[in-house]
Structures are given as C-alpha cells and as structure tokens.
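Below is one structure; the comments refer to it alone.
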Amino acid sequence: METTHLSTPNEELGRRAARTSGATNVSLPPLLPGAAKTAVTTTALAFRSGDVPTLSASPHRFSSEPTKLREFLDSLTVYFAFRPTQFSHDRTKLGYLISALSGPALAWATPMVSSNDPVLSDYPTFVNRFKQMFSRPGLEASAEEALCDIQQGSQDVLQYITRFRQLAAETTWVERTLVTLFRRGLKEEIKDELVHSTRVEDLRGLMDQALSIEYRLQERRSEKRRSRGSFQPSTSRVYPHRSEESRPPARDIEGEPMQVDTTRGPLSASEREDRRKKGLCLYCGSAGHMLRTCPVRPSRPSGNATSRPL
C-alpha cells in the first residue's frame with residue numbers, strides 16, 4: 001500500500017515561496033506548537049490549486065522596502081480592477097498578494113496563513129496591517145506636509161494631478177480637504193477660469209475641470225499664434241506718387257530754371273559749361289538766343305525775384 005506523505009506547513013510554504021521568488025532555499029520561522037495539523041488544512045483551503053491565479057502576470061513583487069510599498073499595492077489595485085471575475089473575493093486577492101511576497105514580508109504573512117487568521121478574508125484590514133508593518137515611519141506626516149505646500153508651478157495639470165494623488169494616497173484625509181488643497185495649488189490662470197465654471201466638490205470632478213480648462217487655454221494661445229502669423233504688416237513706408245507736373249523745375253547754379261529731360265534729369269556742370277562756350281541756350285540747348293529769351297522757357301510768376309545776369 002502506497003503511503004502518502006503530508007508536507008509540513010513550513011515545507012509547503014517554503015516550496016511556495018521558492019516558486020514565486022525563484023529562490024532555492026527559503027528560511028521560514030517555526031510555527032506555533034500544535035498548529036501543524038490545522039495549518040495543513042487551512043493552508044490547503046486558503047491556497048488550493050486554481051484558487052489563486054498565476055503570478056506570472058503580476059507587475060511587481062515585494063520584500064520589505066518601504067519606498068516600494070505604495071507602488072506594489074497600487075499595481076495590485078490596478079491588476080484586480082481589470083480582472084473582476086477572477087478577484088471577486090477578498091480571500092482570493094489576499095492569496096494573490098501573499099504569493100507575491102518574499103523575504104521578510106513573506107515571513108511576516110506566514111503565521112497568518114498557518115493559523116487561518118480571519119484577516120485573510122478581509123482585504124482592507126490586511127492591507128492596513130501590512131502598511132503599518134512595512135511603511136516608512138513618518139511617511140504619512142511627510143505626505144500631509146507636502147500636500148499643504150504643493151503648487152502646480154511650471155508643471156502641466158496632468159503632472160500636478162499625478163504628484164497630488166501620490167501624496168494623497170499616503171494620508172487619511174477626507175476628500176473635502178483634498179479638494180481644497182488641490183484647488184489652492186493650481187496656477188492662477190486656471191483658478192481664474194474655474195470661477196466661471198460650475199463648482200464641484202469631488203476631487204475627480206475638479207481634476208477633470210482643470211484638465212479641460214488647461215486644454216482650452218492652450219488651444220486659445222495656439223489660435224493667437226496662428227492669427228499673428230497669417231498677417232505680416234509692411235515695415236516700409238509708402239509715399240504717394242508725385243507726377244512730373246507737380247515737381248518744381250530744376251535750377252542751375254545761377255538760380256535759373258533749366259530744361260529737365262524726364263528721361264535724363266538736369267544738366268551736369270560740364271554740360272552747362274559746354275553750352276556757354278558754344279553760345280547755346282542753357283534751357284533748350286538751341287543757338288540764337290540765351291536763357292532769358294528762350295521761347296520754350298515757361299514764363300516765371302511775377303512775384304519771383306529777377307534772375308541775376310549771365
């Protein structure tokens with residue numbers, strides 16, 4: 001007749017820890033005297049094959065590091081939320097949580113499993129004990145102090161929300177207090193816009209409002225930039241066109257008007273000298289008369305001063 005060997009609780013938990021953590025030798029504290037028989041039964045009930053989903057998909061494991069406690073618990077919360085049918089009971093959640101422990105954390109949980117502690121059916125209570133045991137002393141007080149001073153500053157709203165939630169998770173403050181602190185830390189331009197929005201008293205609603213306002217402000221700034229880019233005012237001065245008739249006649253160095261060819265401009269000094277030598281009119285360039293008697297020269301207004309003699 002074949003004899004079936006029943007594992008002791010330490011052997012069973014040691015093998016389980018080795019499977020979940022990859023360790024070959026796991027040292028566990030001895031169980032209380034007289035608890036062996038009960039522990040075998042309760043451990044089998046608590047962790048029957050198939051009751052606890054495989055750990056391969058778990059995003060994190062935990063040993064005892066206080067700085068990783070929040071990340072570990074948050075990862076489990078997300079994991080359970082997306083698998084409601086698998087984790088519909090607190091006992092299943094705790095079986096999964098404990099199977100993700102190693103080192104000191106696993107040693108701390110082992111006696112509860114061995115004695116079938118009622119807390120194994122109360123996930124929130126177990127988590128509170130777990131946090132009290134492995135959280136950093138003074139962490140809650142530090143988080144509360146940081147929340148009182150938190151400001152959005154140069155961060156966008158999403159970054160501000162992420163940081164605020166991390167700190168709020170370490171406190172036991174009621175939502176009304178968190179709403180007040182979150183609103184107070186927002187940028188002034190967002191708080192100005194909140195005045196024109198329906199006032200909300202829940203933290204999630206306020207965060208959604210802040211995100212929406214930031215988006216609208218960014219959209220408006222983009223519109224202004226596009227508007228300025230589509231119109232480029234000229235920086236050069238525009239002068240009115242002046243007709244040839246409105247230009248005053250050019251004058252030679254002696255003060256007399258000279259003939260101005262619209263295609264070439266006034267006479268140069270050498271041209272004037274050449275015409276004088278050849279006895280040509282300084283105005284029209286013809287021979288037989290001088291500037292004063294030029295037949296094509298316009299008559300001068302009577303109010304003008306007389307020209308000097310040539």
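The values are calculated or read from the model by the stated rules, or taken from the named source; none is laboratory data. These numbers come from a predicted model, not from an experiment. No Cβ is skipped: glycine too gets one built from the backbone with ideal geometry, and neighbour counts run over all protein chains shown.
Determine whether Leu178 is surrounded by 12 or more Cβ atoms within 10 Å (Cβ to Cβ) and at pLDDT 95 or above. When the stated conditions are applied, Leu178 passes them.
For every residue, the table says whether it meets (1) in contact with a helix residue (DSSP H, G or I) (Cβ under 7 Å, 6 or more places away or on another chain); (2) closer than 19 Å to Ser64 by Cβ; (3) touching a residue at least 12 places away in the same chain (Cβ under 8 Å).
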site: Lys93; (1), (2), (3): yes, no, yes
site: Pro104; (1), (2), (3): no, yes, yes
site: Pro111; (1), (2), (3): no, yes, yes
site: Ser121; (1), (2), (3): yes, no, yes
site: Met133; (1), (2), (3): yes, yes, yes
site: Arg136; (1), (2), (3): yes, yes, yes
site: Glu145; (1), (2), (3): no, no, no
site: Ala169; (1), (2), (3): yes, no, yes
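Filtering segment 98-151 to residues that are of a type in the set (S, T, N, Q) and either touching a Leu at 6+ places or on another chain (Cβ under 6 Å) or part of a helix (DSSP H, G or I) (or both) leaves Ser99, Thr110, Ser114, Ser121, Thr125, Asn128, Gln132, Ser135, Ser142. Screening segment 91-131 for residues that are β-branched (Val, Ile, Thr) and farther than 30 Å from Thr177 by Cα and picking the one that is surrounded by the most Cβ atoms within 10 Å (Cβ to Cβ) gives Ile98.
None of Arg61, Arg136, Arg83 is of a type in the set (Lys, Arg), at pLDDT 90 or above and more than 30 Å from Arg216 (Cα to Cα) except Arg83. Residue pairs whose Cβ atoms lie under 7 Å apart, sitting 6 or more positions apart in sequence or on different chains, and linking a residue in segment 190-215 that is surrounded by 12 or more Cβ atoms within 10 Å (Cβ to Cβ) to a partner that is of a type in the set (Gly, Ala, Ser), are Ile190/Ala210; Gln209/Ser197.
Just wondering, is there one or more residues in segment 167-184 that are of a type outside the set (Ser, Thr, Tyr), in the same structural domain as Cys148 (by TED's automatic domain parsing) and more than 27 Å from Ala141 (Cβ to Cβ)? For segment 167-184, residues of a type outside the set (Ser, Thr, Tyr), in the same structural domain as Cys148 (by TED's automatic domain parsing) and more than 27 Å from Ala141 (Cβ to Cβ): absent. Return a yes/no flag: does segment 132-150 have any residue that is under 22 Å from Tyr215 (Cβ atoms) and either buried (at least 17 other Cβ atoms within 10 Å of the Cβ) or outside the structural domain of Lys68 (by TED's automatic domain parsing) (or both). Yes, segment 132-150 has at least one match.
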